[in-house]
Every structure is written in structure tokens, then in C-alpha cells.
Amino acid sequence: MNIVLLGAPGAGKGTQATVLSKTFGIVHVASGDLFRRALEEKTELGLKARSFMEKGELVPDEVTISMVLERIRKPDCRKGVLFDGFPRTLSQAQALDSRLAGERKIVDRAVYIEVPEDELVKRLSGRWICRKCQTPYHEVSSPPAVAGRCDACGGELYQRADDKEETVRERLKVFFSQTVPIVDYYDRQGKLVRVDGNLKIDEVSAGIIKALRVESV
Ligand code: AMP
């Protein structure tokens, strides 16, 4: 089963992806995490992506597509992939479809987690993430038990540089102009599942799991 998770920055894709990849036994591939790792390791890919990420803009398609297609060549992706943050443009969606078609596979479902814009800004500007296992926290709605430490693995929590309010607004603008058309793309193919993301984390998970089980192919 290949699932695409769609939603604005802050909609909870990363949080839900952790639950869903366990529930469905498929690997979680997050393009943003792949870029952040490349940045930390100062690879050529990281250097190419850096300026775009800092401004909250999309990294060019050719760079992004080759990075993700390379990642899903690995054996852990054979049973299926939960795509988080990819595709974000029509070209990326088409490139993914044609790669999967070459392996007689398809994107089975696209889940769109919907959250109002004001709520997204609130969520992103209070967000802290574990450097080790990527678990997200929020300083108001879901703080860690010990300040600055991850409850799950004890790792150090940090605030993403692109979670500053100005960059957050740019990322949301980019999402509504460039990524929303992807929602229509999957809708036209009858693959779209819309989920209310403005609920408690476990209610959102339950909504997605139910929708995927009921509508699973
Ligand atoms: P994310 O963690 O998904 O919010 O991604 C962080 C940043 O990485 C984005 O603001 C983009 O600069 C870049 N990025 C992640 N995924 C993509 C993608 N599919 N296409 C282009 N840029 C991306």
C-alpha cells in the first residue's frame, strides 16, 4: 500500500505518519527530513536545498524528485511507503506515478489533513522537535515532561529555523498556491480521503485509519 499524506505545514503530517506507518507496516518517507539530514551532513544535496528551505520556498523539482525516487529504491520500501511532504507539485506527483507504474504499483490513497490557517500558524510557532527521533511537541498544547527533552527517546528538542512566523507565512502561501492543486489531482482519480485535522491527535489518527480501512483497495 502506498499512501500520500497531504496537508499544510503544521497540519500534523509527521505526527500522524508515525502512527500510520506502524498501523499499516509501511515505511515513513518524509522529504523534509531527508533534506534536513542532508543539510546537517553538509552534503551536496544539502547545499542545493539550503537557501530554498531557509526562505520557506520549495526546493526545485529535479532535486527533490531524484532524492525521493532514490530513497524509495531501498528494500525497506518494497511493502509500501507512507509519503509525507512529497509530492508537493504536479510534476512531483506525475514523477511518482510513473516510477510506481514501472513497478506495477500505484498511489493507493491520498489523505488530506485539513486545518484552518490561523491554527496552523499557532501550531508552528510553538513547535519543538526531537533531534533524534523527530517526535514533535508544542509548548502549549503538548509540552514534554522535562523541558527540552524528548519523552520518547530522551533526545534534545530544537525549534526549526523555518518555524519563525515570517517563514511560516511564506510556507503556508507556497502550500496554498502550489500544493493544493495536488489535492485536486488525487480527487479526480478517486483516491482522496479528506480528514478533519483540527481535532485531538488520536481522534485524527482514528479518522484516518477508519477511512483507509473502509476505502482500502
Ligand atoms: P517540511 O518538513 O515537509 O515542512 O519541509 C521543509 C522544507 O523542505 C520545505 O519548506 C521545502 O523547502 C523543502 N521540501 C520538503 N519537501 C519538499 C518537496 N516535496 N518539494 C520541494 N521542497 C520540499
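The values are calculated or read from the model by the stated rules, or taken from the named source; none is laboratory data. Predicted model, so just to flag it, every value in this text is computed and none were measured. For neighbour counting, all protein chains shown are included, and Cβ atoms are generated from backbone atoms with ideal geometry for every residue, glycine included.
What number goes with the only condition from (1) crowded, with 19+ Cβ neighbours inside 10 Å; (2) more than 13 Å from the ligand (Cβ to nearest atom); (3) more than 15 Å from the chain's Cα centre (by Cα); (4) among the hydrophobic types (A, V, I, L, M, F, W, C) that Ala95 does not pass?
(2)
I'd like the full set of residues that are outside any loop (DSSP other than H, G, I, E, B), closer than 12 Å to Gly12 by Cα and not hydrophobic (A, V, I, L, M, F, W, C), limited to the range 115-148.
Here is the first cut: in the range 115-148, the residues outside any loop (DSSP other than H, G, I, E, B) are 117-125, 127-130, 136-138, 142.
Checking the rest, the ones that are also closer than 12 Å to Gly12 by Cα come to 119-120, 123-124, 127, 136-138.
Once the filter is applied, which keeps residues that are outside any loop (DSSP other than H, G, I, E, B), closer than 12 Å to Gly12 by Cα and not hydrophobic (A, V, I, L, M, F, W, C), the range 115-148 yields Glu119, Arg123, Arg127, Pro136, Tyr137, His138.
Looking at Val29, Val59, Val63, Val68, can you tell me which residue is modelled with pLDDT of 95 or more and in a loop (DSSP other than H, G, I, E, B)? Explain how you work it out, then say what you get.
Values: Val29 fails: in a loop (DSSP other than H, G, I, E, B); Val63 fails: in a loop (DSSP other than H, G, I, E, B); Val68 fails: in a loop (DSSP other than H, G, I, E, B).
The conditions single out Val59.
Look at the range 12-34 and say how many of its residues are of a type outside the set (D, E, K, R) and within 10 Å of the ligand (Cβ to nearest atom). Working first, answer last.
Of the range 12-34, the ones of a type outside the set (D, E, K, R) are 12, 14-21, 23-32, 34.
Still in the running and within 10 Å of the ligand (Cβ to nearest atom): 14, 30-32, 34.
Result for the range 12-34: 5.
Tell me, please, whether a residue that is within 11 Å of the ligand (Cβ to nearest atom) and charged (D, E, K, R) can be found in the range 102-121.
To start, the set of residues in the range 102-121 that are within 11 Å of the ligand (Cβ to nearest atom) comprises none.
No: the range 102-121 contains no residue that is within 11 Å of the ligand (Cβ to nearest atom) and charged (D, E, K, R).
Quick one: what pairs do we get from the range 163-178, first residue assigned to a helix (DSSP H, G or I), second modelled with pLDDT of 90 or more and among the aliphatic types (A, V, I, L, M), C-beta under 7 Å, 6+ apart or different chains?
Leu172/Ala8; Leu172/Leu120; Val174/Leu58; Phe175/Ala8; Gln178/Leu58
If Ser216 satisfies every condition in (1) hydroxyl-bearing (Ser, Thr, Tyr); (2) at pLDDT 90 or above; (3) loosely packed, with under 14 Cβ neighbours inside 10 Å but one, which is the exception?
Here Ser216 clears every test but (2).
Just give me the residues in the range 104-114 being in a strand (DSSP E or B) and either of a type in the set (Lys, Arg) or touching a helix residue (DSSP H, G or I) at 6+ places or on another chain (Cβ under 6 Å) (or both), in sequence order. Before the answer, list the steps.
Initial filter on the range 104-114 (in a strand (DSSP E or B)): 109-114.
Result: Arg109, Ala110, Val111, Tyr112.
Condition test on Arg50, is it within 11 Å of the ligand (Cβ to nearest atom), among the charged types (D, E, K, R) and within 19 Å of Trp128 (Cβ to Cβ)? Full working, then the answer.
Values: within 11 Å of the ligand (Cβ to nearest atom): yes; among the charged types (D, E, K, R): yes; within 19 Å of Trp128 (Cβ to Cβ): no.
Spelling it out, it is not the case that Arg50 is within 11 Å of the ligand (Cβ to nearest atom), among the charged types (D, E, K, R) and within 19 Å of Trp128 (Cβ to Cβ).
With near the ligand (Cβ under 7 Å from one of its atoms) and under 23 Å from Ala11 (Cα atoms) as the only criterion, which of Arg37, Arg88 stands out?
Details: Arg37 fails: near the ligand (Cβ under 7 Å from one of its atoms).
It is Arg88.
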